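The values are calculated or read from the model by the stated rules, or taken from the named source; none is laboratory data. Just so we're clear, the structure is a prediction, and the values are computed from it rather than from any experiment. These area figures cover heavy atoms from the full protein model, side chains too; ligands, DNA and RNA do not enter into them. Shrake-Rupley method; radii C 1.70, N 1.55, O 1.52, S 1.80 Å.
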Amino acid sequence: MSWQAYVDQNLVGTGAITMAAIYGAQGGVWAASPNFALQGNEFNDLLRAYQDPSGIRANGLYVAGKKYFALNADSRSIYGKQGAGGVICVKTAQAILICLYGDGVAPGEATKVVESLADYFISVGY
């Protein structure tokens, strides 16, 4: 399966995720929804947050130019909220899944979709 198929089918295709991207853990976009990309230093800020989440806890997390209030941040997963939607970022050995969900989707439902795909990537060495 191509990286784009994971975005289109396993993330956005579930109906729980509105936009998604898979980035390499060292940088670079592997696949993304149309018109969805990190801007400026957002990727580097996200990488730093996995090491030390104090910055996003104090100042929020920016994804695709929008600010999210950091709800959870550890060495694997970062969750943020903005209005009725949110962002879920999950780091695997070689990739980072960055997914947005919108109004009408329970945060737990979106989280389960993203975390499950991340678990699969880890199980196959990614």
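Table for the structure above
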read-out	value
In the chain, lysine pairs closer than 19 Å at Cα, eight or more apart or cross-chain	5
The chain - percent of accessible surface contributed by carbon and sulfur, probe 1.4 Å	50
Surface per residue (accessible, 1.4 Å probe) for the chain, Å²	49
